[in-house]
1. Within the group 69, 83, which residue is more than 16 Å from the ligand (Cβ to nearest atom) and out of contact with any helix residue (DSSP H, G or I) (no Cβ under 8 Å at 6 or more places or on another chain)?
2. Keeping to the stretch 177-190, report how many residues are free of Cβ contacts under 8 Å to residues at least 40 places away in the same chain and touching a strand residue (DSSP E or B) at 6+ places or on another chain (Cβ under 9 Å).
3. Mind listing whichever residues of the stretch 74-112 are under 22 Å from the mean Cα position of the chain (by Cα) and in a loop (DSSP other than H, G, I, E, B)?
4. I want to confirm something. Restricting to the stretch 90-113 and keeping residues that are away from the ligand (no atom under 16 Å from the Cβ) and in contact with a helix residue (DSSP H, G or I) (Cβ under 7 Å, 6 or more places away or on another chain), which single residue is farthest from residue 49 (Cα to Cα)?
5. Determine whether residue 154 is in contact with a strand residue (DSSP E or B) (Cβ under 6 Å, 6 or more places away or on another chain), part of a strand (DSSP E or B) and in the same structural domain as residue 88 (by TED's automatic domain parsing).
6. Any residue at all in the stretch 348-363 that is at pLDDT below 80, exposed (fewer than 12 other Cβ atoms within 10 Å of the Cβ) and out of contact with any strand residue (DSSP E or B) (no Cβ under 8 Å at 6 or more places or on another chain)?
7. Just one of (1) part of a loop (DSSP other than H, G, I, E, B); (2) in contact (Cβ under 8 Å) with a residue 60 or more places away in the chain; (3) within 16 Å of the ligand (Cβ to nearest atom) trips up residue 62, so point out which.
8. Yes or no: residue 199 modelled with pLDDT of 95 or more, assigned by TED's automatic domain parsing to the domain that holds residue 64 and surrounded by 15 or more Cβ atoms within 10 Å (Cβ to Cβ)?
Ligand SMILES: [Zn+2]
């Protein structure tokens, strides 16, 4: 039994009560499994993260190791039956899953017998995926479908051969959200699925995925994107949109995104709107949009702190906050600036390292206070004052005894106290 539906011939019995032809596309309803995405609607605004979603492994940003493994695996035709991609939000887990699905099911000129690491983009399978209506590639949102019944539907559908591509592929996003019974129901099929079935999981919390599931998958950690790479990507996307962006504006977006491509593109979406109709994205626009801060201002605060000038540091911090910068963003910027200074000192064996590390400890202790404070700006200002006062203390190295200690003194505390003006050595004698 078979039926002609749209552009693909159904090669196995399909329960008609579960499928329906809608606008020329086969869609599934009355079911928790849904075909990948929705039917693309022309003329609608598409956000940048969707518009520029990578379509092959070469386009992936900052995931070279994973891309190299997948490329080799596909080229050598040594393809695991289950993959798990994990990492923070917005770094390309689902995108990588879809690219892999595209590679697995690319049929080339129709005679291609194996998966391709460079999908053609023109075969029926590739086109169907581009149009978000591939009937063999199903995306399952475990965040909203957590029950065992949902998994049983997947398991039941694995018995059917693919309709259009080479494999029937189940992409389960946020897989850690599945219930314990759902995981258990999945185990046997995941251990030894039919040859035409592939599972691709994605999660932001791999620690919540049972070991029994992890051991049946090949796992890949996707990395947060480095700020420099993300900033360059922002400039590239802006150029493709025929919009110019100041370098510092791109840098601030990259910093604010915290390694997430999707977050960075969302911010870029916003600032493009706010820059209309000038087609120039300025640093000022970005700061107003996201509550960011100029790097030069952050560096100036740190310079004032290190110079032991709390008044100047506080005044500048207050001015930056008043201009719209979120206190936590400024705090985070100070941490990053101090971290970079420490890293530079380590490379140069700078004698100021111990004092910088002490300031770092103070900042770290204030991080939790920032998170729970009703007025985080107060914590920030207090931290700036503490840091500036602390920085004015004598350097630890200067307190160390480098020459002959006072006669009769062999106690380290006594030795240090002798170097502090006003300290009474006799109190510790
Ligand atoms: Zn193709």
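1. Exactly one of 69, 83 is more than 16 Å from the ligand (Cβ to nearest atom) and out of contact with any helix residue (DSSP H, G or I) (no Cβ under 8 Å at 6 or more places or on another chain), namely 69.
2. Of the residues in the stretch 177-190, 4 are free of Cβ contacts under 8 Å to residues at least 40 places away in the same chain and touching a strand residue (DSSP E or B) at 6+ places or on another chain (Cβ under 9 Å).
3. 87, 88, 89, 90, 91, 92
4. 96
5. No; evaluated as a whole, the condition is false for this residue.
6. Yes, the stretch 348-363 has at least one match.
7. Against the list (1) part of a loop (DSSP other than H, G, I, E, B); (2) in contact (Cβ under 8 Å) with a residue 60 or more places away in the chain; (3) within 16 Å of the ligand (Cβ to nearest atom), residue 62 comes up short only on (3).
8. yes
The values are calculated or read from the model by the stated rules, or taken from the named source; none is laboratory data. Not measured: the values here are computed from a predicted model. All Cβ positions, even for glycine, are placed from backbone atoms using ideal geometry, and neighbour counts span all protein chains on display.
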